[in-house]
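The values are calculated or read from the model by the stated rules, or taken from the named source; none is laboratory data. In this text, all values refer to a predicted model and were calculated from it rather than measured experimentally. Because the Cβ atoms are built from the backbone with ideal geometry, glycine has one as well, and the counts that use them run over all protein chains shown.
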Amino acid sequence: MDAFLTSRIVSDILGGLTNGVIYALVALSLVLIWRSTRILNFAQGAMAMLAAYVGFAVLAPSTNYWVSMAVAIVAGVALGALTERTVVRLLYGKPEINPVVAMVGFLLVLESVAAAIWSTTSRSLPTPFSIIDWQLAGRPVAMSPFALYEVVTAVVVMVVVALVFQYTSVGLQLRAAALNPEVSRLLGVRVTRMLTLGWMLASGVGAVTAVLVASNYFTGLTPTTMDGVFAFGFIAAAVGGLDSPVGALVAGVLLGVVFQFVGDFINSNAIILVALGLLIVSLMVRPSGLFTRRTERRV
Amino acid sequence: MATRISAIAVALVAAVAAVAFGVPTARLRIVLALIAALGVVAVALLTSARVRAEHPVVTRTLVTVIVVAVALIGTARFSTNVDTDLSLGAAMTIVLLGLSFLTGSSGQISLGNGAFMGVGAFTVAIWANHHHASPLILVLVLAVVAGAAVGFLFGLPATRLRGPYLAGMTLAFAVAFGAILNVFGSWTGGDSGLQLPSAENAPHWLVHLYPASTASLSVNSVWLAGLTVVAAGIALFFMSNLFASRFGRSMRLVRDNDVAAELVGISLPRARVAAFVISAAYAALGGGLWTIVNNAVTPSTYGFALSITILSLVVIGGIGTIPGAIIGGLIYAYSNSAIGWITAHTGLSPQGNVASQLNGIIFGTLLVLTIVFAPLGISGALRRLWSRRTW
């Protein structure tokens, strides 16, 4: 059993799972915003990055990790509300490339402002748990206390989001506003407020993601930390289907594992080629994603 | 009509006389007089509404020639720095024309045109390192072909996709481009990139024409600027015809209503892929020219930031319009000088964080403001002012 748990295959699956939950979280935030406002939030990663900076660079370095994390989440939620109220609100009902362009511009502003304030030098974040892998019979298992914390946190976030949507009145209103804004408004749902709430929720999830990503010893926190993660998260969301939260989560975790195997058995540079290949093929075979039903379009 | 013709004749004679008597050498005097005469004829033709309406190709040819001629005359007068900026900007104009066509005619958007530029840039560098002394035109054609091929690959999903999906896919390509170059590190030189084996030098006839290569203006920079301006002119002429062609018009229907376009017999997949291929080929041409101008290529130039810059320029200039691409190219050429001026006059430390990020902050803010409040950019605003004129 010990030999099995430390084998190459299991190590890859565990390592892939740790990365995969991150992609899944990014994909989840994208899906939340896409479902409610039909906007693909290209500034998602940058907003999350800024929230992480607020939590971990504005406060003194000695601040308790959990306090910083909480501040980052609050900052993320506030930034989400602010973005929706100021920028995004002006884009509803415009041609579909306008929000794309605007969010890319917003991404540029956020990354430049963060670099102007905190410079492009990477800063390492404190970790609440050890990043050294557990040992079994003298060999490392590809799982450290910190990696386990990442996975658990991600799962908790996902479950909380699912519970909110499935079992609360607010969740029901969020779903109604996304499904049919006109009818929901007639039935007394405050649709504009729901849209803001959707953005707040998504950027809160984003803030958690950015803190987890930046805690990685090798990357640390830089203004562009989230660029690569965002690209993988988008690929996960697109493969799973931008309309399907479940699809985003499943695709994120699966892609994480697949990439780990590719990196281990081929080489780490090949990961991105495989990712692009998977994206192109999956979009051609099922343009709307693996987990969404087909929709017909009319003139 | 008679008054117009006589006015043209008078202006023509006056222009020839004015130019011919102001220049010392006899041969240059004749050449300049001819250019001036042609210029006067061209302007006269363009001011006629009938010519503009009935001979669009003539009009487009004349406009292109005038723009290129003005830029060429400028390159011989400016300094080396201004000329180098102009050549980078002219190459950027080509890239912007490509993206403008993609968006303006088919309604798609690409966040990966910086990477497509990189494809062209590295094609030129790799080829030049393996085949010394290839003709310039061959190298550039290869860059265009390589760009078109990669564009085709990424255009394939475009047959079934819409808007944001494509944008995301091209974004993934742009972010991944550096890693992809590393996969082929033995060819692309890895992180340090490639140097061209020999710099592109001015040909003899140009050296003869401008023997006085001064400290502030070298013949080579005149040659490189002229080269990119002419390339941009050719790209401009081709694109303006394409916009107006049957193909261009069917593309606009695809943009405005794809279901209707399909019903009148336009093949959506073909139209979308074609737009993507053309846009990528234009980007690759611009990238190839950059390699020639810079005499080297580095992977960091073609990162995600460049793709965002390209998008900003095309939107601020005016997306989907040809003047917009030219405006964007000029902004690109001289934005660094402008930002340097701002830094110097606001007392910011030039090496400080803020100064180094000013570019991104300004372009990002302008991008958001433009798309929200003036989606047609500078050229759209100018056009609206022109149509409101009272004279």
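Residues of the range A:274-289 being assigned to a helix (DSSP H, G or I), under 18 Å from A:VAL246 (Cα atoms) and in contact with a Phe, Trp or Tyr (Cβ under 8 Å, 6 or more places away or on another chain), which ones?
Scanning the range A:274-289 gives a single hit, A:LEU283.
Out of all the residues in the range B:127-161, which are outside any helix (DSSP H, G or I), more than 7 Å from chain A (Cβ to nearest Cβ) and of a type outside the set (Ser, Thr, Tyr)?
Once the filter is applied, which keeps residues that are outside any helix (DSSP H, G or I), more than 7 Å from chain A (Cβ to nearest Cβ) and of a type outside the set (Ser, Thr, Tyr), the range B:127-161 yields B:HIS131, B:HIS132, B:ALA133, B:PRO135.
Somewhere in the range A:24-37, is a residue among the polar types (S, T, N, Q), closer than 14 Å to A:LEU212 by Cα and more than 14 Å from chain B (Cβ to nearest Cβ)?
The answer is no; no qualifying residue exists.
Residue pairs, Cβ under 9 Å, 6 or more apart or interchain, first in the range B:373-391 and under 17 Å from B:GLY320 (Cβ atoms), second basic (Lys, Arg). List them.
The qualifying pairs are B:PRO375/A:LYS94; B:LEU376/B:ARG383; B:LEU376/B:ARG384.
Return only the number of the condition from (1) touching a helix residue (DSSP H, G or I) at 6+ places or on another chain (Cβ under 6 Å); (2) within 14 Å of another protein chain (Cβ to nearest Cβ); (3) part of a helix (DSSP H, G or I) that B:GLY320 does not satisfy.
(3)
Restricting attention to helices (runs of 4 or more DSSP H) lying wholly within the range B:239-314, give those where 1 or more residues are more than 12 Å from every other protein chain (Cβ to nearest Cβ).
Hits in the range B:239-314: B:246-256, B:268-294.
Does the range A:212-235 contain at least one residue that is within 12 Å of chain B (Cβ to nearest Cβ), over 30 Å from A:VAL67 (Cα atoms) and either aliphatic (A, V, I, L, M) or not in a loop (DSSP other than H, G, I, E, B) (or both)?
Yes: one or more hits.
Need the failing condition index for A:ALA3 against (1) over 25 Å from B:LEU102 (Cα atoms); (2) within 13 Å of another protein chain (Cβ to nearest Cβ); (3) at pLDDT below 85, just the number.
(2)
Out of the range B:323-377, which residues are within 14 Å of chain A (Cβ to nearest Cβ), buried (at least 21 other Cβ atoms within 10 Å of the Cβ) and not aliphatic (A, V, I, L, M)?
Across the range B:323-377, the qualifying residues are B:GLY324, B:GLY328, B:GLN357, B:GLY360, B:PHE363, B:GLY364, B:THR370, B:GLY377.
Which one is modelled with the lowest pLDDT among residues in the range A:276-289 that are more than 7 Å from chain B (Cβ to nearest Cβ) and in contact with a helix residue (DSSP H, G or I) (Cβ under 8 Å, 6 or more places away or on another chain)?
It comes out as A:GLY289.
Working carefully through the options A:THR121, A:THR127, find the one that is in a loop (DSSP other than H, G, I, E, B) and either within 14 Å of chain B (Cβ to nearest Cβ) or within 13 Å of the chain's Cα centre (by Cα) (or both).
Criteria check complete, one pass: A:THR121.
Is it true that A:THR192 is in a helix (DSSP H, G or I) and either of a type outside the set (S, T, N, Q) or touching a Lys or Arg at 6+ places or on another chain (Cβ under 7 Å) (or both)?
For A:THR192, the condition - in a helix (DSSP H, G or I) and either of a type outside the set (S, T, N, Q) or touching a Lys or Arg at 6+ places or on another chain (Cβ under 7 Å) (or both) - is not met.
So for the range B:76-92 (the condition being within 17 Å of the chain's Cα centre (by Cα), away from chain A (no Cβ under 14 Å), within 20 Å of B:VAL293 (Cβ to Cβ) and free of Cβ contacts under 8 Å to residues at least 24 places away in the same chain), does at least one residue qualify?
yes
Out of all the residues in the range A:1-32, which are free of Cβ contacts under 8 Å to residues at least 60 places away in the same chain, among the polar types (S, T, N, Q) and part of a helix (DSSP H, G or I)?
Selection gives nothing.
Quick check on the range A:50-100: of everything there that is away from every other protein chain (no Cβ under 13 Å) and outside any helix (DSSP H, G or I), which residue is nearest to A:LEU197 (Cα to Cα)?
Among them, the one singled out is A:LEU59.
Looking at A:SER144 and the list (1) in contact (Cβ under 8 Å) with a residue 60 or more places away in the chain; (2) more than 10 Å from chain B (Cβ to nearest Cβ); (3) surrounded by 15 or more Cβ atoms within 10 Å (Cβ to Cβ), which single condition is not satisfied?
Of the numbered conditions (1) in contact (Cβ under 8 Å) with a residue 60 or more places away in the chain; (2) more than 10 Å from chain B (Cβ to nearest Cβ); (3) surrounded by 15 or more Cβ atoms within 10 Å (Cβ to Cβ), the odd one out for A:SER144 is (1).
If we scan the range A:108-118, do we find a residue that is away from chain B (no Cβ under 14 Å) and touching a residue at least 12 places away in the same chain (Cβ under 8 Å)?
No, because not a single residue in the range A:108-118 is away from chain B (no Cβ under 14 Å) and touching a residue at least 12 places away in the same chain (Cβ under 8 Å).
Looking for whichever is among the charged types (D, E, K, R), outside any helix (DSSP H, G or I) and more than 23 Å from A:THR86 (Cα to Cα) here; the options are B:ARG389, B:ARG384. Which one fits?
Step by step, each of B:ARG389, B:ARG384 is checked, and only B:ARG389 is among the charged types (D, E, K, R), outside any helix (DSSP H, G or I) and more than 23 Å from A:THR86 (Cα to Cα).
So which residues in the range A:243-270 are under 22 Å from A:MET49 (Cα atoms) and within 14 Å of chain B (Cβ to nearest Cβ)?
Correct list: A:ALA248 only.
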